[in-house]
Each structure stands twice: as structure tokens, then as C-alpha cells.
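The values are calculated or read from the model by the stated rules, or taken from the named source; none is laboratory data. Quick caveat: nothing in here was measured; it's all calculated off a predicted structure. Because the Cβ atoms are built from the backbone with ideal geometry, glycine has one as well, and the counts that use them run over all protein chains shown. Ligands, DNA and RNA are excluded from the accessible area calculation, which covers all protein heavy atoms including side chains. Shrake-Rupley method; radii C 1.70, N 1.55, O 1.52, S 1.80 Å.
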Amino acid sequence: MVPLLSMIVFLPLVGAIVTALMPRTMPTVPRVVALGFSVATLALATWALAIFDVDGGYQFVERFPWVPQVGIEYHLAVDGISMPIIALSALLTVLAILVSWKIDHRPAFYFTMIQLLAVGMTGVFAALDFVLFYLFWELVLVPMYFLIAIWGGARREYAAIKFFLYTLAGSVFMLVGIIALYITQGSFNIAELTALAANPDTALSYNLQFWIFAAFFLGFAVKVPVFPLHTWLPDAHVEAPTAGSVLLAGILLKMGTYGFIRISLPIMPEAAASQFWMWTLGILATVSIVYGAAVAFAQTDMKKLVAYSSVSHMGFVMLGIASGTQEGLDGAVFVMVAHGLITGMMFMLVGMVYERTHTRVISEINGLSSQTPIAGGLLAFASIASLGLPGLAGFPGELLTLLGAWRSDLWPGLVIISALGVLLAAAYMLWMVQRTVMGEAKGVVAKIRDLTAFEIATLAPLVVLIVALGVFWSLLLRYVTPAVQTVLSGMGV
Amino acid sequence: MTYIPAIPLLPALAFLALLPMSRAARNRAIWLPLGAIAVSLVLSVMAFAAVWPGGAEKAAEPVYHESIPIATVGEATIDLGLRLDPISSAMLIVITVVAMCVQVFSVGYMRKDPRVGWYYAVLSLFTAAMLALVLADNFLMLYIMWEIMGLCSYLLIGFWHEKEASRKAAIKAFLTTRVGDIGFAIGLFVMFVTVGSFEFDAVLGSAAEWAPGVATTVALLLLFGAMGKSAQVPLHVWLPDAMAGPTPASALIHAATMVAAGVYLVARSMPIFEASGVALQVVLAVGLITAIVGGLLALVQHDIKKVLAYSTISQLGYMFIGLGVGSVIAGMYHLITHAFFKSLLFLAAGVLIHAYHNQDMRKMGGAARALPITSAVFAVGSLALAGIFPFSGFWSKDEIILVLTKDGQYLAAAGALFAGFITAFYVARLWFRVFTRKPQAEGLHEAKIGKLAPMCVLAAITAGIGFFGPTLGYFLGHKIPWPDLVVAGVSSAVAMAGLAAGWWVYGRKGGEIDTGAVKARLGAIYSALVAKLYFDEMYERLAVRPFTRAASGLAVFDISRIDWLVDGAAKAWGAIARVSWRFDDRAVDGGVNGVAEAIWAFGKRARSIQSGRIQTYQQLALVAIVLLLVFVVVKG
């Protein structure tokens, strides 16, 4: 039996080490090495996706004692929720390396960081041991910090520190929750803790669940990010290099919502179903949706607009989680993947436009479709996908989260207000398209060239997946639905 | 019957084929969408023939019904399914015939446009979506196609996006219809929670047994969606602006097909509306108000396309009136006749616009002599619109008034007749402005055969279709009686009176009449109509501007308050760290060495946050953990 998951998680680490050892005299080699390792990882992840048994629960299990004295294990496994996200993260890593192809400032260090990030990103979703989970969770911070702080924009140091401190402050609470669980239940094993929670004889008292849920909530909510804990995100996005933004929006934010689905809901089921937390999550989700959309509408910088749109879209994920229904959770995972694809594509396009125009100010970019029909067309495509047009990947998830929320005990008014977010998404996205894509090409746009074949090839997988998932929802839902069923049945829903 | 999926698929494939081409290649490849729609037309005729002679049994037992699952959510399966029954097969014919005419017409009309290929691509995608919409076997798929049509509408309205007005109109259309779509979507949620399915059969079959209030809720929410798409008051404001798009596109999308999708939705969902009862009365009221308001607004427009746009709004209102009495057939019959005569009027208007290089009717005139064929077909369309025997509009409007009187809704019938009077009046106004009068331009020329032929086809249908009313009625599974002589007499008299009044105001003395006196006498009413009854202004003041202001305010709030708190917290932490360092420096004595050292270490670590040395943060985390751990253990 091949340790498939370990290979997916740690192949990038090997890549990172090899890349780090590259001599400075060969500045173009690191990217090739990084690409090679990331493509190999993607191949493994795709293989895993292909042989994954959708009804088989946790799979590719690797479980060995690590620190047996306190019961810490090296325990990796994936189910239908984490498997697609791992595949997405492997894909986005390859694309992140491709969009960074022209990085010439300390390339070896840069590509080392990207690959190190990949280790953490995939590890979080594969780990079933809390210590391992926390390790990967924190591992993600370091390379992302360096990516922002070294290759970022003008305010990169501020943004990097803010990102680092803010998420760290959150994860401290998470760690408290982990230790509290260990003290009360005597296990670091997520699957075991889930089983203990599902059994009324071994479940934690409601009071304890409530507080541990609160601890995890703070850790995850910062990461998502949920209003009002979101202000690190626009800064991080604006300052980060394109690849950083792609991975930040595409995978890192999902760590938070994944935490809710994998940990908060199944391990603290009574707390999750309590009026207090259901309302808290529901209201914060709705506020994030509408607030993020409204603030996005007022932005003048394309990256900031996309950053705030992420707050809004992640609000839909939170709404689905708050609903605690099959539809809602199915939709939540769907939005997580779809948002990774769509927003990843948006950031890549914004980066490509920026490379040509050296500006991201919306009012300075106009008429892309006249001057650069491919760039303009693809930006319009991504925007339309982002505003949730049926037939593209943005639609099914948002529909299902709203449907799940409607079906749950949440106040229908919340769903109606959240549905307004769909209207607002159309407003800010089309408003941006109207100003940047449409019209006559003037100013900085008048001289630029359209996308190269290399760039088009980088974006092509995303276009294909956005269309495919938009038409055939079951491509994704066939993985997600059984896993969500397991989660919900454990919660007694 | 395996060819049914090909009907929507062919135009969709044409779109996909054109999409990746370069602009030049696309412009040369417009035969591709033309060929696709031609084959779709043939297949639609075959489908129609397969359903023939239709009837109620065929409506209950669709001739063709296949579906593929796209997702399983819990116990529910979500399908993309196609079903062919009398209503959908009739709609297939309407859509493919009009789309074919429009595409052929566009060859000549749009050939000089540098983006003609893109125009054809979007037109194809639209046609595919509309065909799939009428074939859909469930509400979710209908909604999906509904939204895709909305995108095509957006793209075509904004087709000449170099113009500010086009861009604004495009975004306005998309957002206004999406307001309605939110209602539609929530209606779908209620439906799904109630029935556990989106299937027509499951939903409509059980509608009569729903809990009280549910049917009304669903019906009103669906109606709200329909009002957005079908431009019913108060969601009508986008349609006149949508005229910024190419005229043949307006003919297809904003006159014949897409805007009728709302009518189709209500007609399809009729069992839900019937189960509610109240909802039907709302449909009737919305229809009446829209028929009259749309007509009144058409009276004061100078732009020929805007007259036709308001006319479309008004005629769609007419269809809702028919549905509001619970008569699917009255609404659908007018939908079908209107699709043909209104697309005809739009295409002819396109010819006039090219001839005069202008859309302003005040700068037209004398078209009857200069463009005889266009004028003849326009006359056919106009008379049908005004409801004059034997043109198609006469039959379908009479059917609506007939069902109203049979239902005892005499007030509504009077309202519908009044709307009919206004219709005839603005038809006359348009006619005497554009066709008689002295020409206001020179060098007028008739269109070429490529444009005339499709118009003649539509004119022939408009002239002849009325005689097949009863057959069509039977086909759709309902009864369309020959017009009641009293009703026909009254409505014809009203229509003639409208035309006569229009002639009196605009047609006498060779059309050279000063209308200032009339305007002056109408005073406030006239200026209110010119201001479009203040709907746009109201939305601007009550929705758009407050939202824009709130958005800017929130963006500032986000940085000046929320982010300020975050930065403030970081600074405060730094300050606390400094204080605690000073504290242990001075107050803590060597006697409690261990503790002091720990706190000192803590203070020193915390202090270094400000210097930005991240290495120390991990240890900070550990300290915090220990503190919180104590708390948790005590609490537990």
C-alpha cells in the first residue's frame, strides 16, 4: 500500500528542500523544479481523487504512534469533504507557480515558500490528529508571511504582520480548544472525538461544548474571515503577490470553514445546534454577505474589490454551516471549491492586467475587451461566474446554502437578506466589468498586449472546471454528499 | 424523438464553436449559427408534428420526457430534464421562427458591425437558453435558463459598449430583473421545502393540497420573478432602456421571446395560482395596471423603439390579464400572436432607423411612399397591435376580453378596453408621424430582399394566424371559441375609436399639426408621463443613491472603525507589555524569582511584537494558551 496522502502532503516539502538548495547562479532552475514537484503532486492528488470511494468514509488512512506518551499520532485520512479541497489545493499550487514564472527577486526562496505553503495547505485537510492539524495550520502562516513581506506591494510589512498576528491570535484560541478537548476526552484524534461526541454516554456536557465551541469559533472565524474579524484580508490580498492572493483566497480561507465542518459541528454537536451559536453564525454570515458586498461595491482597487467579495462569498459558506442541513453543508463545501476556482482566476487575471498596466485602480483601466479581447473576455467570464450565474460553478453552492438555510430553523429573514447578497454581487461585479472591460481602450490600456498562450494555458484549467462544475454539480457533490451525511448523522440530525 | 435535445443543443454548440474564434474568424462564421437555428427550426416543426393534434391528454402525458441527474442532495435529485408537450412545442415554433427571421434579417442589418460574429454568438446562446427553458421539466432548470437568458440580454443591450448609455442600460436591465429573480429563487426554496422536488409533475400535481398560505406565497414569489422578466409595473423600468441594444436583438429578446418568459412561467404554474386564488387577483391587477401604464407611457415617446418598448410592456400586461382570470390559453394565445407581430414591428423599425439614420419619429415621415414594402408589413403589424380584424392581435385580445366578461370581471374588461383604446391611439400616432407626413429626411431607400423576406414571413403569419385560433386552442388543450360578436363589436369599435382619435390629433392636415395645445391642456399629466411617472427617479432616490452612499460609508467605516480597533488592540497590547515590563522591573523583587522571571520574559516577548519579530509570537501563543487553559479547566 502506497502512502498516498503522505506523498501528496510531503512531496512539496522535498521540492521545497531541493529548491532551497539551488545555487543563486541558476535563477531559472527553481521554478522548473517547483513546477515539476507540484505537477507530480497534482498527479498524485488526481489519482487519489479518481480511486477515492465516495461511499467509503475516511480513506487512504495512515496511522502511526508519534508521541505515544500523550497519544499523539501521525494520522492522515481524507473523506469526501477534504479530498476535493486537497485536489483543489494541488491544482492551485501548480497555477500559482505558473503565474509566478517571471519572479526574479530571490526565486529560490520564493518557490521554496510556495511549496512549503503547499505542505501546510494539504496537511491541514488530511490531518486527523489535532496536534498534526495544528502543526500544519501554523506552518501555513510562515511561508505566507514571507510571500507577503518580501514580494508584496508598498505596505507589505504592515500587511504581513497583520496577517500573521491576527490569524495567530485566532489559532491560540483554537489551541486552547484542542487542549481542553484533550483534557476532557483524553484524545487528540479528530475521528475518535467525533465518535465520542456522537455517543450520548461519552458526549461532553453542553456547558463545556459551548465554551470549547467558542474557542474554536474564534480560531476559525478569523481565518474565514467572518465579519468583523475580516480586516486583515483586504490588506493581505492587496499587498500579496498574485500567487499569494490566489492561494490565500483559494485555500487558506477554506481552512476556517473546513474547521467548522470537520471539528466544530461534529465534536461539539449540541453547541452547534444551540440557539446561541446557530444565531451567532447565521447573523454573522448574513452580515458578512451583505457587508462584504456593499464594501466591495465602493472599492477603487480591483484586488480590494475581489478581497471584499471573498468576505461576502465566504459568508455563504458560513450560512450553509449555520443551517446544519444536508443542503446547507453540501452548498458550503461547493462554495468553498467554486470560490477557490473563481477567485483564484480573478486574482490571476488582475495580476496579469497589473503586469501590463502597472495599476489596479478601476478608474484607470478601461476597454480591456477592445484592446485585449481575451483578457477582457476572461475577466468578464470570471466576474459572471462570481456573481453566481447558473451554468457556472458559482451558482450551485450559493443556491444550496440558501436553500439549506431556508430549510433550517434559522429566521427566514436572514435568508432573504442573504439572497440580496446575490443581487449585490451582480452590482459590484458588473459595475467593475462595465468600467474595466467595456468601453473604449484609453490611457494605460491602449498600448498593452493581450494574454500570451502561456497565460491562457494557465487559466484554461480553471475555465474548464468552472463550467464543468456549474453544469454537472454531481462531479463535486458525489464526493461531498455522503461525507456530509456522515457528519450530520453523527450529530444526530 | 431522440432529436428533441438537439433543438436547444444546436444553437448552444454554435455559440461554443464561435466563442474561442478570433474576431475576424467569428465574423466570417456567422453561417454556423444560421445553420444551427435552421436545423432547430426543422426539428421544432417535426416536434410540433409529433405532438399534433395535441389536446388535453398530450398535456398530461408528454410526448417526450427524458432527464439526466446533475446532483443528489440528501434524498432529492436535481435533474436537467426535457419534456415535450403541446405548450412547449408551440413555444418551440414561435421561438425558432422568430429567431430564424431575426438571424436572417441580421445578416444584412448587422453586416457592417465589426463585432457581428459576437452578436450572432450571443444570439445563439440566447436562443438555446430560451428553447431549453420551454422544454424544461422542472422549475430549477427553468430558473437556470431564465438566468442565462438574462446574461444574453445583458450582453446584447451592452453590445455597443463604447456608448455610456448602452453600458448603463445593460447593468440596469440585469439588476432590475435580478430583483425579481430573488423572489423567484425564494419561491423555489418554499416549493422545495414543501414538495421536496422541483419537478413540474410533482409540484403542480400536489399544489392543490398544500397548506393554506403556501400556495399564495409560492405563487406571489414566482409572480415577482415573472414581473421582473416580463417588465411588469413596477419592475418595468429596464425594458425601455434596453432598446440601446441592436434592433433585431430587441425584436427577438425584448419583444418576442425572453420578456414573454414571465408569462410562460405563470402559465406553467397555473395550478399553484389556482390553488391560491388571491394570487390570481394579484396577477390580474398587475396586468391591468401594466397594460394601462405601459400604454400611457408609449403615448409620449418620440423614439420609435421606445414606443414599441412601452407597447411591449403594455401587451405583456395584457397577457397577465388573461392569466389573471385563470385562463392559460388567453395568456398564451396573446403571447404567441404578440411574438410575431411585435418582432415584425421591431424589424421594420430597424429598417426605418437605418433609412432615416435616426430613431426620433419627429425626424421621420413619408415612409409610406419611400419604403412601400416595409410600410405595408408595418401596417399589418400595427393593425394587429391595435386589434383590428382580421389581424392576429384582434383575435387574441378579444379572447382576453371574452374570458374577462365570462368571469364577470366587467371592471377589468373595461380597463382592458381602455388599454386597447390607448394602444390604437399610439399606433395611429406612430403611423401618422412616420409614414404619412412630409419626409423629414432625404435619400430614403427601401431595404433589400434579405431584410424584407423575414419581415414578409412574419407579416403573413400575423395576417393569417387568427383564423387558426380554435385549432390552436384545441392543440393547447383548451378551448378558443370564435369571437363573441358583441365583444368583438365593442372591442373593434374601441380600437377604431382609438385610431380615429389618433388621426384627429396627429393625422389631419397631412400630419402638420401643432400638438402643443393638447400638451398644454394636459399639463401635469403630460409632464408626469414624460418623466416616466417618476419610477426611475424614485428608484434612483430610494434605492440606488442610498445604497451607493451606504456602500461608501461602510467602506470608510471598515477602515476607520473596525480596522482602527484592530490596530488599536495591537497598540494597546504593546502598551500593556511596556507597562508590565516596567512593573516587574521595579516592583517585583528577587524573592519571587521564578514568577518574576516568567513575567519578565512574557513582557519582553510581548514588547517585541512592535519590533515585528515574528519568531517570538509562537512563544506568546504558548503563554496565552497556558492562561486560557487554566480558565478552561477551572470552568470545566
(message) Can you tell me which condition B:M364 does not meet? The list is (1) under 30 Å from B:I87 (Cα atoms); (2) modelled with pLDDT under 90; (3) open to solvent by less than 10 Å² (accessible area, probe 1.4 Å); (4) of a type outside the set (G, A, S), and all the others hold.
(response) (1)
(message) Take the conditions within 11 Å of chain B (Cβ to nearest Cβ) and crowded, with 23+ Cβ neighbours inside 10 Å and apply them to A:A236. Does it pass?
(response) no
(message) Would you confirm whether or not the stretch A:403-412 contains a residue that is surrounded by fewer than 24 Cβ atoms within 10 Å (Cβ to Cβ) and more than 11 Å from every other protein chain (Cβ to nearest Cβ)?
(response) yes
(message) Just to be sure before I move on: is B:I93 open to solvent by 10 Å² or more (accessible area, probe 1.4 Å), hydrophobic (A, V, I, L, M, F, W, C) and touching a helix residue (DSSP H, G or I) at 6+ places or on another chain (Cβ under 8 Å) in the structure I sent?
(response) yes
(request) Return the residue satisfying two criteria in turn: it lies in the stretch A:149-173 and is at the interface with chain B (Cβ under 10 Å from one of its Cβ atoms) and among the small types (G, A, S), and of such residues it is most open to solvent (accessible area, probe 1.4 Å). (result) A:A169
(message) So, in the stretch A:369-382, how many residues would count as being out of contact with any His (no Cβ under 8 Å at 6 or more places or on another chain) and within 11 Å of chain B (Cβ to nearest Cβ)?
(response) 7
(message) Within the stretch B:264-279, take every residue that is open to solvent by 20 Å² or more (accessible area, probe 1.4 Å) and among the hydrophobic types (A, V, I, L, M, F, W, C) and give me the one that is farthest from B:V427 (Cα to Cα).
(response) B:A275
(message) I want to confirm something. Restricting to the stretch B:176-206 and keeping residues that are among the aliphatic types (A, V, I, L, M), open to solvent by less than 40 Å² (accessible area, probe 1.4 Å) and facing chain A (nearest Cβ under 10 Å), which single residue is farthest from A:S369 (Cα to Cα)?
(response) B:V190
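Quick grid of which residues meet (1) open to solvent by less than 50 Å² (accessible area, probe 1.4 Å); (2) among the acidic types (D, E); (3) without any contact (Cβ under 8 Å) to a residue 60 or more places away in the chain; (4) assigned to a helix (DSSP H, G or I):
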residue: B:F15; (1), (2), (3), (4): yes, no, no, yes
residue: B:L34; (1), (2), (3), (4): yes, no, no, yes
residue: B:L41; (1), (2), (3), (4): yes, no, yes, yes
residue: B:A50; (1), (2), (3), (4): yes, no, yes, yes
residue: B:K58; (1), (2), (3), (4): no, no, no, yes
(request) May I ask you to verify whether B:G228 is touching an Asp or Glu at 6+ places or on another chain (Cβ under 7 Å), within 14 Å of chain A (Cβ to nearest Cβ), of a type outside the set (S, T, Y) and crowded, with 22+ Cβ neighbours inside 10 Å? (result) yes
(request) Could you run through the stretch A:174-222 and say how many residues are β-branched (V, I, T), in contact (Cβ under 8 Å) with a residue 12 or more places away in the chain and within 12 Å of chain B (Cβ to nearest Cβ)? (result) 5
(message) Being small (G, A, S) and within 26 Å of A:I289 (Cβ to Cβ) is the requirement here; does A:A425 meet it?
(response) yes
(request) Select from the stretch B:314-351 the residues that are outside any helix (DSSP H, G or I) and hydrophobic (A, V, I, L, M, F, W, C) and list them in ascending order. (result) B:V325
(request) Output the residue which, of all residues in the stretch B:151-163 that are open to solvent by 10 Å² or more (accessible area, probe 1.4 Å) and more than 8 Å from every other protein chain (Cβ to nearest Cβ), is nearest to B:K229 (Cα to Cα). (result) B:L155
(request) Residue by residue through the stretch A:436-493, note down the ones that are hydroxyl-bearing (S, T, Y) and part of a loop (DSSP other than H, G, I, E, B). (result) A:T452
(request) Being facing another protein chain (nearest Cβ under 7 Å) and open to solvent by 10 Å² or more (accessible area, probe 1.4 Å) is the filter here, so list the residues in the stretch A:390-401 that pass it. (result) A:G391
(request) Using the structure shown, decide if B:V505 is in a helix (DSSP H, G or I), modelled with pLDDT under 90 and hydrophobic (A, V, I, L, M, F, W, C). (result) yes
(request) Determine, yes or no, whether A:F133 is in a helix (DSSP H, G or I), more than 12 Å from chain B (Cβ to nearest Cβ) and buried (at least 24 other Cβ atoms within 10 Å of the Cβ). (result) yes
(message) open to solvent by 40 Å² or more (accessible area, probe 1.4 Å), within 24 Å of A:A460 (Cα to Cα) and within 24 Å of the chain's Cα centre (by Cα): which single residue out of A:A96, A:A34, A:A50, A:A45 fits that description?
(response) A:A50
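Residue-wise test of (1) within 23 Å of A:A90 (Cβ to Cβ); (2) touching a residue at least 12 places away in the same chain (Cβ under 8 Å); (3) not small (G, A, S).
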{"site": "A:V337", "(1), (2), (3)": "yes, yes, yes"}
{"site": "A:G340", "(1), (2), (3)": "yes, yes, no"}
{"site": "A:V353", "(1), (2), (3)": "no, yes, yes"}
{"site": "A:E364", "(1), (2), (3)": "no, yes, yes"}
{"site": "A:S369", "(1), (2), (3)": "no, yes, no"}
(request) Restricting attention to the stretch A:472-493, report how many residues are open to solvent by less than 40 Å² (accessible area, probe 1.4 Å) and within 12 Å of chain B (Cβ to nearest Cβ). (result) 10
(request) Looking only at the stretch B:117-125, decide whether some residue is in a helix (DSSP H, G or I) and closer than 21 Å to A:A426 by Cβ. (result) yes
(message) Taking the conditions exactly as written (touching a His at 6+ places or on another chain (Cβ under 9 Å) and hydrophobic (A, V, I, L, M, F, W, C)), does B:I182 satisfy them or not?
(response) no
(message) So, A:F146, is that one surrounded by fewer than 24 Cβ atoms within 10 Å (Cβ to Cβ), in a helix (DSSP H, G or I), of a type in the set (F, W, Y) and within 8 Å of another protein chain (Cβ to nearest Cβ) or not?
(response) no
(request) Please find, within the stretch B:518-556, the residue that is farthest from the other protein chains (Cβ to nearest Cβ) out of those that are small (G, A, S) and farther than 23 Å from B:P240 by Cα. (result) B:A520
(message) Tell me which helices (runs of 4 or more DSSP H) are completely within the stretch B:352-470 and hold 2 or more residues being among the basic types (K, R), or say none if there are none.
(response) B:392-406, B:410-434
(message) Conditions first: (1) farther than 25 Å from A:I86 by Cα; (2) modelled with pLDDT of 95 or more. A:V422 passes all but one, so which condition is the exception?
(response) (2)
